[in-house]
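See structure below.
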Amino acid sequence: MSEQKDSRTEIGEIGEFGLIDRLSSKFSTKNSSTLKGIGDDAAVIGNGDDLRLYSTDMLLEGVHFDLSYMPLQHLGYKAVAVNVSDIAAMNGIPKQITISLALSNRFSVEAVEELYKGIHFACEDFSVDLVGGDTAASPSGLVISVGVIGEVTKDKVVYRKNAEENDIICVTGDLGGAFMGLQVLEREKAVFKANPEMQPELEKYDYIVKRQLKPTARMDVIHELRDLSLVPTAMIDISDGLASELFHIAKQSDVGITIYEDKLPISKMTYDMAVEFNMDPMTCALNGGEDYELLFTISQKDFEKIKNHADIAAIGFVNKKANGLNMITKNDNTVAIQAQGWKHF
Ligand code: ADP
Ligand code: MG
């Protein structure tokens, strides 16, 4: 290693986003077709009215998934869904994917076929074509990296950066379920390790376990927004937790955020499990990752269009930057929102 001892910075000191900022600051854009490079859910490419979107996400065994409870078929589905979710977050439609694999000899042909069954299901569900990829050997463990290409027109593309004061903040679905599902899976794994005779009891946690093992991308909502002729002012998908995503929107749009605790959508099962685990359900909803729901802002004039939608909750409003990011609690106290997000470093 050529780095000098006294100039060594631990990645943990600056974090994942700090590292990306530091590395990308050395690059400038040379092509006029690069409309948006690093810093949103997907890159935006094109010169005319029809734009292309590109995004990639990598899943590593032991970091993002544990094959002792993640069936390979679900893993294949999830790897595609989390990428499609980034295209949804730009208000785009996914069209093609590539799959790159690193495999150790622990995996049989049949095992890889299982993985591809899930990839195939996802390709059907999201109407995308598998158009390529790469396959390599891995010294240990499985790595699956997916690239996705999507399409959107110039008048419909939605970035993280255009939220405006007084816009309404919306989220789809419910939050914290995938995180609580993971807690259940980890608990059952520990029980099984201690006593292999014990069969995991997962049926009664079906909903939250599914939120963790087989998340979906909210393309249904993207199509509905189109039907309603509603283009959000800003959007992001919730992969690292609501709080972390609110920070991204606030930072890039140069605004403040106010949300209401009693408006956060939490399923009963998520709530009950959090209590059982001695966790605060609100913390799970704010900081639990991997729900892959959409967080978006709309102008007030568009509120009529979604106010009775069963699966979209209005959770707050866009505020002046000087007000920062706050949550009004059920007791009417104002507390600052803390972003934890997922930190793998
Ligand atoms: P998401 O959670 O929406 O998938 P990420 O947080 O992974 O997005 O990435 C944020 C932005 O940083 C994206 O624009 C992504 O393309 C970019 N990015 C991530 N890692 C790197 C890297 N190693 N080099 C260059 N750009 C990166
Ligand atoms: Mg994203």
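The values are calculated or read from the model by the stated rules, or taken from the named source; none is laboratory data. Since the structure is predicted, the reported quantities are computational estimates derived from the model, not experimental observations. Positions of Cβ are generated from backbone atoms using ideal geometry, with glycine treated the same way; all protein chains shown enter the neighbour counts. All accessible areas refer to the heavy atoms of the entire protein, side chains included, with ligands and DNA or RNA removed. Shrake-Rupley method; radii C 1.70, N 1.55, O 1.52, S 1.80 Å.
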Percent of alpha carbon pairs in the stretch 1-140 separated by more than 22 Å?
-> 53
The answer for the chain, counting only DSSP H helices whose Cα atoms cover 15 angstrom or more along the axis and whose Kyte-Doolittle average is -0.5 or greater, is 11-24, 72-88, 109-125, 177-194, 242-253
Once fully extended, how much extra length lies between Ser229 and Asp311, figured as 0.36 nm per residue of separation less the alpha-carbon to alpha-carbon distance?
-> 27.8 nm
Evaluated over the stretch 213-345, the Cα radius of gyration and Dmax, each in Å | 15.0, 43
If a/c stays under 1.5 just call it rounded; otherwise compare a/b with b/c (prolate if a/b is bigger, oblate if not). Do that for the stretch 160-245, with a ≥ b ≥ c from the square roots of the Cα gyration tensor eigenvalues.
-> prolate
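Would you mind putting 107-117, 234-244, 22-32 in packing order, based on average other-beta-carbon counts within 10 Å, highest first?
On the way: 107-117: 14.4, 234-244: 24.8, 22-32: 8.9.
My ranking of the peptides, most packed first, is 234-244, 107-117, 22-32.
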What Kirkwood hydrodynamic radius, in Å, does the stretch 257-317 give when the mean of 1/r is taken over all pairs of distinct Cα atoms and then inverted?
-> 13.1
Looking at this model, which pairs from Lys161/Lys305; Lys30/Lys161; Lys78/Lys307; Lys36/Lys251 are more than 20 angstrom apart at the alpha-carbon?
-> Lys161/Lys305; Lys30/Lys161; Lys78/Lys307
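What number comes out for accessible area per residue over the stretch 219-298 if the probe is 1.4 Å? Units Å², please. Before the final figure, lay out the partial values.
Numbers: 2760 Å² over 80 residues.
Spelled out: the 1.4 Å probe surface of the stretch 219-298, per residue, equals 35 Å².
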Starting from one equal scatterer on each C-alpha and no solvent at all, send me the Debye-based log10 I(q)/I(0) for the chain at q = 0.12 Å⁻¹, two decimals.
-> -0.93
Length gained, Asp66-Thr98, 0.36 nm per residue minus C-alpha separation, equals 9.3 nm
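Excluding ligands, DNA and RNA, what is the solvent-accessible area per residue of the stretch 1-148 at a probe of 1.4 Å, expressed in Å²?
Details: 8190 Å² over 148 residues.
Result: 55 Å² per residue.
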Determine the share of the chain's accessible area contributed by carbon and sulfur atoms, expressed in whole percent, with a 1.4 angstrom probe.
-> 51
Peptides 290-296, 255-261, 136-142 ordered by average Cβ neighbours within 10 Å, highest first | 290-296, 255-261, 136-142
The rounded separation in angstrom of the Cα centers of the stretch 132-179 and the stretch 94-109 is 19
What is the stretch 84-233 by shape, rounded, prolate or oblate, if you read a ≥ b ≥ c off the alpha carbon gyration tensor as root eigenvalues and call it rounded for a/c under 1.5, prolate for a/b larger than b/c, and oblate otherwise?
-> oblate
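From the square roots a ≥ b ≥ c of the eigenvalues of the alpha-carbon gyration tensor of the stretch 282-322, which class results: rounded (a/c under 1.5), prolate (a/b over b/c), or oblate?
Working: a/c = 2.48, a/b = 1.27, b/c = 1.94.
The shape class here is oblate.
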Along Cα→Cβ, 7 Å out, is where each label goes; now give me the distance between the ones at Val275 and Ile328 in nm to one decimal.
-> 2.6
For the stretch 255-264, Karplus-derived ³J(HN,Hα) couplings (6.51, -1.76, 1.60; θ = phi - 60°; whole Hz; x for glycine and proline) come out as 9, x, 9, 10, 10, 10, 3, 6, 9, 5
Size of the dipole of the chain about the Cα centre, Lys and Arg at +1 and Asp and Glu at -1 on the beta carbon, nothing else charged, in debye to 20?
-> 720
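Could you work out how much longer the chain between Met58 and Ser7 gets when fully extended? Use 0.36 nm per residue separation minus the Cα distance between them, nm to one decimal.
Values: separation 51, 0.36 × 51 = 18.36 nm, distance 2.91 nm.
So the extension gain works out to 15.4 nm.
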If you place +1 on the Cβ of every Lys and Arg and -1 on the Cβ of every Asp and Glu, how big does the dipole about the Cα centre of the stretch 121-167 come out, in debye to the nearest 20?
-> 200
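Sorting check: for 71-79, 300-308, which peptide has the highest mean count of neighbouring beta carbons within 10 Å, and how do the rest follow?
Working: 71-79: 22.0, 300-308: 13.0.
Descending packing order for the listed peptides: 71-79, 300-308.
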Whole Å is fine, so just give me how far the alpha carbon centre of the stretch 193-236 lies from that of the stretch 15-86.
-> 19
Neighbours of Val221 by Cβ distance under 11 Å: Lys/Arg at +1, Asp/Glu at -1, summed charge -4
